[in-house]
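Participant: Would you mind keeping the following structure in view while I ask a few things?
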Protein chains: 2
Amino acid sequence: MDDINEQTGSTGEGGGRRSRGEGRGAAARRASRAGGGPGPSLPYIQRKIPVYEVLDEEGLQLIERNADTILEEIGIEFREDAEALQLWKEAGADVKGERVHFPKGLCRELLKSAPSVFTWHARNPARNVQIGGNATVFAPVYGPPFVRDLEGNRRYATIEDFRNFVKLAYMAPSIHSSGGTVCEPVDVPVNKRHLDMVYSHIKYSDKPFMGSVTAPERAEDTIAMAKLVFGDDFVENNCVTLNLINANSPMVFDETMVGALKVYARHNQACVLSPFILSGAMSPVTVAGTLTQILAEVLAGASFTQLIRKGAPVLFGTFAASISMQSGAPTFGTPEPTLVSYGAAQLARRLGLPFRTGGSLCGSKVPDAQAAHETSNTLNTTLLAGTNFVLHAAGWLEGGLVSSYEKFMIDQDQLGMLQKLAAGVDLSENGQAMDAIREVGPGSHYLGCSHTQANFQTAFYRSVLSDNNSFEQWEIEGQKRMEERANALCRTWLDLYEAPELDPAIDDALLAYIKMRKDSMPDAFT
Amino acid sequence: MDDINEQTGSTGEGGGRRSRGEGRGAAARRASRAGGGPGPSLPYIQRKIPVYEVLDEEGLQLIERNADTILEEIGIEFREDAEALQLWKEAGADVKGERVHFPKGLCRELLKSAPSVFTWHARNPARNVQIGGNATVFAPVYGPPFVRDLEGNRRYATIEDFRNFVKLAYMAPSIHSSGGTVCEPVDVPVNKRHLDMVYSHIKYSDKPFMGSVTAPERAEDTIAMAKLVFGDDFVENNCVTLNLINANSPMVFDETMVGALKVYARHNQACVLSPFILSGAMSPVTVAGTLTQILAEVLAGASFTQLIRKGAPVLFGTFAASISMQSGAPTFGTPEPTLVSYGAAQLARRLGLPFRTGGSLCGSKVPDAQAAHETSNTLNTTLLAGTNFVLHAAGWLEGGLVSSYEKFMIDQDQLGMLQKLAAGVDLSENGQAMDAIREVGPGSHYLGCSHTQANFQTAFYRSVLSDNNSFEQWEIEGQKRMEERANALCRTWLDLYEAPELDPAIDDALLAYIKMRKDSMPDAFT
C-alpha cells in the first residue's frame, strides 16, 4: 500500500520525489498541500461488502436454459470470417452458412479454461490490478467523438483532449486504469490515431491501459508497442491490455470485432466480451429476455477466445441501456438496465468469468441533476452488483457522445465514495467505539472526545466537490453549482499534473515505432 | 388496483369523474392527456426484490450485545417526565435520577407486543398503506422553514407553500403519503399552525398523513381532528397518523418528544422512533458505533410506547448523516450513512419492527448534480435496505432547511423509477420473450416485432423530466437543464390540481374545531 502511494506520481504528499528541483513541481506540491491536488492514488477495490442479487436459483436456471436454446436452435452468426467458422466446425458446432449452432454445453465446456481471476499488468507494477473475484477496477469513459471542454464548448475531440483525460485518470485516486479511447481524437487520421492513443496511455500514465480494437492490424500495433514496454515474453505470458469486443447484437459478431478478438486472444490478452444492448432495439423489451440474449452472446463470443488460445483471459461484459419507446433515443440509469446489470453479474459469477458493466452512464447534455441521477443510479448498481471491471466510470455525457471534463471530475469524486463504501463496516474494537460512547454519555456530544480526535481524518469520505457550507457562505463564494467547482478543480489538476517517469530508451523506441508505422501508410479519414 | 386508480383524484385518465361539467376539470383532463398531468397514482410499493445487507450474523450479534451494554450500564435519560420514569420503575428498570438502566432483555421483551405489520389508514380507503413487511411507503420532505420557490427565491415558507406541497404529493404517482410538516408555515402563529397543517392534509389530499409532535396538546388536536374524519372508535382502534418522535441523541429523550409519544401511543397511533444522528456529533464517528447507539436508543424509546399501550404501532427509525470534520456541517449521501442505513434496517428486521430511514437527502443549495448524487445515493440505499417508511422522499434541499419545488418534482420522478425497480424481474413467458428472440433472429432488430408492440407502453419506466433527445433537438428547445423542466412541470401540476372530494359536513366540523381552538389562545410566535 505504501509502495503504491509512493509511486503514484501524483502531486499528493507521496509524489514529491519525482519533482525535486523543478519549479513547477515545487509549486504543484504547495498547491497540493493547500488542498487542490488529488491526493494519493488508491489501489484497486477489494470489496468487503456482499453482492446484491435480484434473481433466485430458479430464475437463473430458467435464463440459462433459454440461452442454451438460443445457442442450439437459433444460433449466433460469425460474419465474414472463414477461420472462425472453421474453428467452430472443428469444435463440434453445427455451422450453416455464417450461422453457428452450438450443441448443449459446448460453450460452457470451452470456458472452463478461461481464468476467473487474473492480473492486468501496468508498466508500474504498483498499479497492477486484479480482474475478477472481489476486485473492482474503475476506468474512464470510452469512445466519445465530442468533448464538452472547460470553456463550455461542445466540439470534436482532439489528441490534446485525449492526453488531458489520460492525465486526469492518472491523477484521480479512485480510477485504477488509464482506460482506452477516453475520447476519439478526430484531428489524427483514422488509421493512425490508435498509435497516438496507445502512446499517450504509456507516456502520460502508468496505470493499466486498453488496446485498439478497430482493426486487426491496429490490435497488432497495440501488442507491438506493449512489447516495447513490457518485453516480448512478458506480453505473451501476461495480460497487459484489456480489449473491448462488442457483440453486434442481436446474435452477431462482425469481422472487425472477431478480427481484433483473435489478435488479442492469440497474444494472451484479455477480451471484454460485451453485447452492446439498447433494450427494445438490440434485445427484447423485457429484462429476462435481454438477459437471456446477453448470456447466449457472451457464451458464444467468450468461448471463441478459448478456441483461439486456451486460457486466454476473457470477461463477461454487459452494456445495458434501454431506448425511449417514444423517440427511439437511448435512456440510462432507469430501472430496467439496473435489473439487467444485477442479473448479468449473477450469470457471470455462475460461469466463473470476471464481469464488466455499468459506469457513469447518462443521457443528459450537461452535468446537471439528470446526469447525476442517471449516473448515480448506474454507479451504485455497478458496485453492488459486484462488477469487476467498470468502463465509462468517469466523464461520460450525452449517451456516450461526449467526454466531459466537468463530469469527469464529479464522477471521480463519486467513485471515491464507492471505494469507501466497498470497504464495508469496521467491526474492530475501534470501530465499535464503546469507549467513546462511555466517555460521552447521554446528552453530550462526540465532537471533542478522544475517539473522534483519533479517527476524524479517516472517519468519513471527504468529497472534494460537494459544498456543505451554510447558505450564506455559499452565497458569498459566488453561489457556485457543482459543475462550476468541478471546472475549477479540473483546471487545477491539469496545472498540477506531472508525468510518471518513463525510461527514455523505451520512449524513443515507442516514438520510432510510431514513426515507422505512420510513414508506412497514407492518412485515412474514414 | 383499478379501484385505486379510479379514486386517485388526479387528473390522469382515471380521475375525470370528480370534475365533470367543470371548465377547469375539462381543461385539466385535456392537459393531462397531452402529457402534462401526473397520471394515475400508484399503490404503495410491495417489494419483489431482495433486501441488501452489509452485516453478517456475527456483526449483528456484536452490535446487539454492545447495545445491551449501553442500555444496562450507561442507560438512557428520559428528561423532565416523572410519569415516564415511574413507568420504567414499574417495568423493572433501574432508575437513577432521570437515567434509566434497563435489565438485559427488558426492552426486547416489551417490544414483542408491537406489530411487525400494520395498516396506516387514509380517509380514502383506496389510499391505505401497509407499514412493515415487504411494503415501502414514500412521504415528502418534513420540517424545512424555508422554500426555494418557482421564481428562484429562497424565502421563509408560508401556509400557501404548505398547501402546494400537499397538492403536489397528492398528485405524484409514487408518493404514497401526504407526509407531515412538508414545510414550516412560518406566517401562521407557532401555537396554531399545526391546526392549519393537519387541515391541509385532510382537505387537499386523501393520502395518509402525519400528526403534530411539537407539543402534547398539538398531538391531542391532531387526534381530535382525525376523529372528526374517521370517527372516535376507528381512531382508537386503527392507525390513522404516523408521528415522528426523534431521540435527542446521544441517549436522551426530552419532554416534548416523550409528551407527544405518550399522546399518540395512548390513542393507538404509530410513533416513528428516530434517533436523529449526525455521526461525529450525536454518535461516534464509526458506523458500528453509530449503529450500536441507534439500536440502544430505539430499544428504549420504542419499548416505552408499549408501556403506554401494549400493541401500539411503533417504527424503528434512523436518520443517518455525517458531519464534515472540517466545518462541522452535515453531509449527506456519503458512504458512511449508507452503511448505517443498511445495518439499521437489518437490526430493525431482527427486532420485528417496521423500519424508517433515508429520503432525498442532500446538502446542496440548488437542485444541481451535487443534490442529485447525494439524493440518488440515499434513495437507492433506502429502497435496497428494505425501508418500510421513507420520510423526506421528495423535495429536501440544503440539509433539510429548504423545501424545493423543483427538487420535489425531480425526486418524485426518481421515486417512480424506484417503484418500478422494486417490481423486480418478470419471469413469465412474456418476460422471457423467447418468441421475440426467435422472431427477430441474428442481425435484425426488435423495434417492430410483435412482442415489442405488445409491451412497449409498459416495458420501460418513462421519466417525465429526463431529456433523452438529440443534442440538436435539446438546443432548439432552449438547452434546458433538468430543474428548468421541473419548474415548468410543477407549474403545470399546480394548475391542473383538483381537490379530492371531502364530505362538507366533515369539512365544516374541522373548520369549526380549528376556529374554536384558535380562539382559545393568543397567537404565539416562539
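The values are calculated or read from the model by the stated rules, or taken from the named source; none is laboratory data. Not measured: the values here are computed from a predicted model. For neighbour counting, all protein chains shown are included, and Cβ atoms are generated from backbone atoms with ideal geometry for every residue, glycine included. Just the protein is used for accessible areas: all its heavy atoms, side chains included, with ligands, DNA and RNA removed. Shrake-Rupley method; radii C 1.70, N 1.55, O 1.52, S 1.80 Å.
Participant: Please list, or write none, the lysines whose alpha carbon is within less than 23 Å of the alpha carbon of A:LYS480, excluding same-chain residues fewer than 8 places away.
Facilitator: Cα-Cα hits under 23 Å: A:LYS365, A:LYS407, B:LYS365, B:LYS407, B:LYS480.
Participant: Then there's this: Would you be so kind as to list the residues of region A:413-443 that have their accessible area lowered by at least 50 Å² in the full protein complex compared with their chain by itself (1.4 Å probe)?
Facilitator: Relative to the lone chain, where solvent access is computed with a 1.4 Å probe, region A:413-443 loses at least 50 Å² at A:MET417, A:LEU421, A:VAL425, A:LEU427, A:GLN432, A:MET434, A:ILE437, A:ARG438, A:PRO442.
Participant: Which value, in Å², gives the accessible area per residue of the protein assembly as shown when a 1.4 Å probe is used on the protein heavy atoms? Spell out each step's value before the answer.
Facilitator: Working: 34630 Å² over 1052 residues.
Computed with neighbouring chains in place, this is 33 Å² per residue.
Participant: Next question, about the same structure. Work out which residues of region B:231-265 lose at minimum 20 square angstrom of accessible surface when the other protein chains are put back, relative to the chain isolated, with a 1.4 angstrom probe, and list them by number.
Facilitator: B:PRO250, B:MET251
Participant: Just counting partner chain Cβ atoms within 10 Å, what average do the residues of peptide B:496-503 show around their Cβ?
Facilitator: Taking the mean over all residues of the peptide, I get 0.
Participant: Sticking with this structure for a sec: In Å, what Kirkwood hydrodynamic radius results for region B:166-273 from the alpha-carbon pair distances?
Facilitator: Its Kirkwood hydrodynamic radius stands at 14.2 Å.
Participant: Given the peptides B:367-379, A:331-343, arrange them by the average over their residues of other C-beta atoms within 10 Å, most packed first.
Facilitator: Packing order, densest peptide first, comes out as B:367-379, A:331-343.
Participant: Something else now. In Å, the Kirkwood hydrodynamic radius of region A:386-477 over pairs of distinct alpha carbons?
Facilitator: Details: mean 1/r = 0.0596 Å⁻¹.
Its Kirkwood hydrodynamic radius stands at 16.8 Å.
Participant: Could you sort A:230-243, A:255-268 so that the peptide with the highest average Cβ count within 10 Å comes first and the rest follow in order? All intermediate terms of the calculation are to be shown ahead of the outcome.
Facilitator: Details: A:230-243: 18.9, A:255-268: 22.7.
By packing density, highest mean first, the sequence is A:255-268, A:230-243.
Participant: Now a separate question. Once amide H atoms are placed 1.01 Å from N in the peptide plane, what residues at a sequence separation of 5 or more from A:PHE253, or on another chain, have their amide H within under 5 Å of its amide H?
Facilitator: Amide H to amide H, under 5 Å and 5 or more residues apart or across chains, A:PHE253 pairs with A:GLU77, A:PHE78, A:ARG79, A:ASN248.
Participant: Which value at 222 nm does chain A reach when only helices count, each DSSP H run of 4 or more adding -39,500 (n - 2.57), with the total divided by all residues and rounded to the nearest 500 deg cm²/dmol? Can you show the working numbers first?
Facilitator: On the way: 20 runs with 235 residues, N = 526.
It comes out at -14000 deg cm²/dmol, rounded to the nearest 500.
Participant: Follow-up question, since we're still on this one. Translational diffusion coefficient, Stokes-Einstein: compute it for chain B using the Kirkwood radius over C-alpha pairs as Rh, at 37 °C and 0.692 mPa s, and state it as an integer in µm² s⁻¹. Intermediate values should be presented prior to the final figure.
Facilitator: Numbers: Rh = 24.0 Å.
The estimated diffusion coefficient comes to 137 µm²/s.
Participant: Heavy atoms only, 1.4 Å probe, whole protein assembly: order A:ARG438, B:ARG309 by accessible area, highest first. Spell out each step's value before the answer.
Facilitator: On the way: A:ARG438 115, B:ARG309 65 Å².
I get A:ARG438, B:ARG309, largest accessible area first.
Participant: For A:100-112, what's the mean count of beta carbons from other chains sitting within 10 Å of each residue's beta carbon?
Facilitator: On the way: counts 1, 0, 0, 0, 0, 0, 0, 0, 0, 0, 0, 0, 0.
If you average over the peptide's residues, the count of other-chain Cβ atoms is 0.
Participant: How shielded is B:455-462 by partner chains, expressed as the average number of their Cβ atoms within 10 Å of its Cβ atoms? Mind showing how you got there, number by number?
Facilitator: Working: counts 6, 5, 1, 2, 10, 13, 6, 6.
Partner Cβ neighbours, averaged per residue: 6.
Participant: I'd like the interface area for chains B and A: accessible area of each alone minus the complex, both sides summed, 1.4 Å probe, protein heavy atoms only. What is it in Å² to the nearest 100? Don't jump to the answer; show the numbers that get you there.
Facilitator: Values: alone 21880 and 21880 Å², together 34630 Å².
The buried area between B and A, both sides summed, comes to about 9100 Å².
Participant: Using a loss threshold of 50 Å², tell me which positions in region A:299-338 are less accessible in the complex than in their chain alone. Probe radius 1.4 Å, ligands and nucleic acids ignored.
Facilitator: When all protein chains are present, A:MET325, A:GLN326, A:PRO335, A:GLU336 each give up 50 Å² or more of accessible surface.
Participant: Ignoring ligands, DNA and RNA, please state the percent of accessible area on region A:166-239 from carbon and sulfur, probe 1.4 Å.
Facilitator: Details: 840 of 1740 Å².
So the carbon and sulfur contribution to the accessible surface is 49 percent.
Participant: Could you check the spin-label model distance between B:GLU109 and B:LYS480? Points 7 Å from the Cα along Cα→Cβ, value in nm.
Facilitator: The two pseudo-label positions are separated by 6.2 nm.
Participant: Name the GluC sites (Glu not before Pro) in region B:420-475 that are in a loop by DSSP and that have at most 11 other C-beta atoms within 10 Å, would you?
Facilitator: Values: sites: B:GLU429, B:GLU439, B:GLU472, B:GLU475; in loops: none.
Sites meeting the loop and neighbour criteria: none at all.
Participant: Ok, one more. Using the 7 Å Cα-to-Cβ label point, sort the distances from A:PHE471 to its equivalents in the other copies shortest first and give them in nm to one decimal.
Facilitator: Nearest to farthest, the other copies are at 3.7 nm.
Participant: Taking Cα atoms of region A:82-135, Rg/Rh with Kirkwood Rh, to two decimals?
Facilitator: Working: Rg = 17.0 Å, Rh = 13.9 Å.
Checking Rg against Rh, the ratio lands at 1.23.
Participant: Report, to the nearest whole %, how much of the accessible area of region A:336-477 belongs to carbon and sulfur atoms, 1.4 Å probe, protein only. Could the numbers behind the result be given before it?
Facilitator: Values: 1860 of 3780 Å².
Carbon with sulfur: 49 percent of the solvent-accessible area.
Participant: Let me ask you something else. I want to verify the translational diffusion coefficient of region A:290-341 in µm²/s; compute it with Stokes-Einstein, Rh as the Kirkwood radius over Cα pairs, at 25 °C and 0.890 mPa s. Each step should come with its number before you reach the end.
Facilitator: Working: Rh = 12.8 Å.
After rounding, the answer is 192 µm²/s.
Participant: In addition: Got a sec to turn the phi values of region A:268-274 into Karplus ³J(HN,Hα) couplings, 6.51 cos²θ - 1.76 cosθ + 1.60 with θ = phi - 60°, whole Hz, x for Gly and Pro?
Facilitator: 6, 8, 7, 9, 9, 7, 10
Participant: Mind pulling the per residue volume of the convex hull built on the Cα atoms of region A:227-381? Å³ is fine. Each step should come with its number before you reach the end.
Facilitator: Details: hull volume 19.8 nm³, N = 155.
Expressed per residue, the convex hull around the Cα atoms of region A:227-381 is 128 Å³.
Participant: Run through all the Cα pairs of region B:134-212 and give the fraction in each 5 Å bin from 0, expressed as whole percent.
Facilitator: Histogram of Cα-Cα distances, whole percents per bin: 3, 17, 29, 25, 16, 7, 2, 1, 0.
Participant: Still on this structure: Would you mind checking the radius of gyration and Dmax of region A:91-223 based on alpha-carbon positions, in Å?
Facilitator: 18.5, 58
Participant: Would you grab the residues whose amide H sits under 5 Å from the one on B:SER322? Only those 5+ places off in sequence or on another chain, please, with H modelled 1.01 Å from N.
Facilitator: When sequence neighbours closer than 5 places are left aside, the close amide H contacts are B:SER279, B:THR331.
Participant: For A:ALA82, go 7 angstrom from Cα along the Cα-to-Cβ vector, then report the distances to that same point in the other copies in nm, smallest first.
Facilitator: Here the equivalent label points are 10.2 nm apart from this one.
Participant: Here is a follow-up. Please enumerate, by chain and number, the lysines with C-alpha under 27 Å from the C-alpha of A:LYS192, excluding those fewer than 8 residues away in the same chain.
Facilitator: A:LYS167, A:LYS203, A:LYS207, A:LYS227, A:LYS262, A:LYS515, A:LYS518
Participant: To one decimal in nm, how far is A:VAL117 from the same spot in the other copies, if labels go 7 Å from Cα toward Cβ? Please give the shortest first.
Facilitator: Ordered by distance, the counterparts are at 4.1 nm.
Participant: While we're looking at this one, here's another question. Could you give P(r) for the protein assembly as shown, binned at 10 Å from zero, as whole percent values over all Cα-Cα pairs?
Facilitator: Computed distribution, short to long bins: 2, 11, 20, 23, 20, 14, 7, 3, 1, 0.
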